C-alpha cells in the first residue's frame with residue numbers, strides 16, 4: 001500500500017460542517033468557462049451534498065422490492081429535485097450530486113421480470129440533454145448558483161444511455177459522461193458510452209471527475225481517471241440499502257461502500273457517493289466524513305453534506321509521469337500479462353448499441 005505524506009493527508013482530510021450561504025446573483029448567463037470563479041463560493045469551505053431521497057414512485061424497501069418501474073414519474077421527480085436544489089442553496093451547498101439514473105429512477109426489475117412494453121414506458125420517461133426536462137434542471141441549478149452532477153436515463157438518437165453531467169453555476173453543462181459499459185443486465189436495455197468521456201474537468205475549486213456505480217471496479221475506467229489527478233470525485237450509485245439474507249451479491253451495501261471507499265484511497269481523492277438510502281461522503285484518506293442511515297427520514301434528510309478546503313488543491317498539476325497512475329503503469333500491466341494469453345480483441349469490450357425499436361419489441365440479452 002502506498003501512503004501519502006502526512007502533510008498531504010492533513011490537507012485532504014476534511015471535516016463535515018455547515019456553512020451559511022452567501023448572496024448569489026441571478027443575472028448571469030449560460031456562457032461560463034471551466035475556469036470561471038463564482039464570487040459567492042468560498043473555496044476554503046466548498047460544501048458538497050450527496051442526495052439520498054428516492055425518486056417519486058421508487059419501489060421500497062431498497063434492494064428487495066423488484067417491482068417493475070411503471071410507477072416512476074420523471075416530471076414529478078424533477079419537481080422534487082428542484083426542491084432539493086433550492087434547499088441545497090439555502091444550506092450553502094456548492095455542489096449537489098444525484099444517484100445513478102435518478103431521473104426517472106433506477107430500473108430495479110432488470111434482473112427479474114419485465115416486458116418490452118415496460119421498457120417502452122421507461123424509454124418515454126428518459127430525457128434528452130436538449131429537451132425541456134433537462135432545461136428545467138439546469139435553470140434551477142443556475143438560479144441556485146451551484147455546481148451539480150446529474151445522473152439520468154439519457155435518450156439520444158435511437159438508444160438510451162446512463163448519462164451523467166456536470167453543470168456549473170451558470171447552468172452550463174461543462175462535462176457529459178455516458179457509462180462506458182452498463183453493468184450486468186443494464187446492458188440489455190442501455191447502450192455503451194465511449195472512452196472519450198473518461199475525462200476530469202478543471203474548475204477553480206478542484207479537478208472534478210465522475211463515474212457510475214460499477215465503473216469504479218474496472219481498472220480500465222478507474223485508472224484513466226486517477227491518472228488525471230482528481231481532487232473531487234462523484235461516484236453515483238443507484239441505492240445502498242440494508243444487507244439481508246435475500247440480498248443478491250451485486251446489491252450488497254458493503255460492496256458499494258467498499259467500491260467508493262477504495263476509489264477514494266486509491267486515487268487520494270475526496271469522493272461524494274450519492275445513493276438512495278445510505279449516501280456517504282469520503283475524505284481522500286477513505287475516512288467517511290458523513291453518512292446517513294438507510295431509512296433515515298427522506299423528507300427530513302434528502303441529502304448529506306460535508307465541506308472540503310478546495311483552496312488547498314494544486315490546480316496546476318494535471319498528471320504525474322512518475323506517479324502510480326501513469327503511462328508506465330499501463331506498460332507494466334501489459335508486460336505482466338502472461339505470454340500464453342492471446343493478444344486479441346474481447347467480446348467484453350465490443351461496443352453495444354441497443355436500438356429503442358428492438359428493446360421495446362423483444363427482450364434483449366447481451367454479453368454481460
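Figure legend. Inter-residue proximity from region 313-325: first residues over 22 Å from residue 283 (Cβ atoms), second residues modelled with pLDDT of 95 or more and surrounded by fewer than 12 Cβ atoms within 10 Å (Cβ to Cβ), beta-carbon distance below 8 Å, spacing 6+ or different chains. Indicated pairs: 321/327. Out of all the residues in region 312-325, is one or more closer than 26 Å to residue 51 by Cβ and under 22 Å from the mean Cα position of the chain (by Cα)? Yes, region 312-325 contains at least one residue that is closer than 26 Å to residue 51 by Cβ and under 22 Å from the mean Cα position of the chain (by Cα).
Condition (residue is part of a strand (DSSP E or B), touching a helix residue (DSSP H, G or I) at 6+ places or on another chain (Cβ under 7 Å) and surrounded by 19 or more Cβ atoms within 10 Å (Cβ to Cβ)) applied to region 177-185: is it met by at least one residue? Checking region 177-185: at least one residue is part of a strand (DSSP E or B), touching a helix residue (DSSP H, G or I) at 6+ places or on another chain (Cβ under 7 Å) and surrounded by 19 or more Cβ atoms within 10 Å (Cβ to Cβ). If you go through region 139-159 and keep only what is buried (at least 16 other Cβ atoms within 10 Å of the Cβ) and more than 20 Å from residue 235 (Cα to Cα), you end up with 140, 142, 143, 144, 145, 155, 159. In summary, residue 151 fulfils each of the numbered conditions (1) under 22 Å from residue 354 (Cα atoms); (2) touching a strand residue (DSSP E or B) at 6+ places or on another chain (Cβ under 6 Å); (3) at pLDDT below 95 with the single exception of condition (3).
In region 33-46, is there at least one residue being under 19 Å from the mean Cα position of the chain (by Cα), modelled with pLDDT of 90 or more and either loosely packed, with under 12 Cβ neighbours inside 10 Å or on the phi < 0 side of the Ramachandran plot (or both)? Yes, region 33-46 has at least one match. Here is a check on your reading of the model: is residue 261 modelled with pLDDT of 95 or more and more than 13 Å from the chain's Cα centre (by Cα)? Yes: the conditions hold for residue 261. Of the residues 72, 87, 82, the single one that is at pLDDT 95 or above, part of a loop (DSSP other than H, G, I, E, B) and surrounded by 15 or more Cβ atoms within 10 Å (Cβ to Cβ) is 72.
Being farther than 23 Å from residue 204 by Cβ and out of contact with any strand residue (DSSP E or B) (no Cβ under 9 Å at 6 or more places or on another chain): is that true of residue 128 here? In short, no.
Just one of the listed residues (119, 123) is touching a helix residue (DSSP H, G or I) at 6+ places or on another chain (Cβ under 6 Å), buried (at least 18 other Cβ atoms within 10 Å of the Cβ), closer than 15 Å to residue 354 by Cα and modelled with pLDDT of 95 or more, and it is 119. Here the condition is being surrounded by 14 or more Cβ atoms within 10 Å (Cβ to Cβ) and free of Cβ contacts under 8 Å to residues at least 60 places away in the same chain; of 352, 294, 358, it holds for 358 alone. Does at least one position in region 126-148 carry a residue that is under 15 Å from the mean Cα position of the chain (by Cα), within 14 Å of residue 98 (Cβ to Cβ) and part of a strand (DSSP E or B)? Scanning region 126-148, I find at least one residue that is under 15 Å from the mean Cα position of the chain (by Cα), within 14 Å of residue 98 (Cβ to Cβ) and part of a strand (DSSP E or B), so the answer is yes.
The values are calculated or read from the model by the stated rules, or taken from the named source; none is laboratory data. Just so you know, these numbers come straight off a predicted model, no measurement behind them. Please note: Cβ atoms are built from the backbone with ideal geometry, for glycine as well, and neighbour counts cover all protein chains shown.
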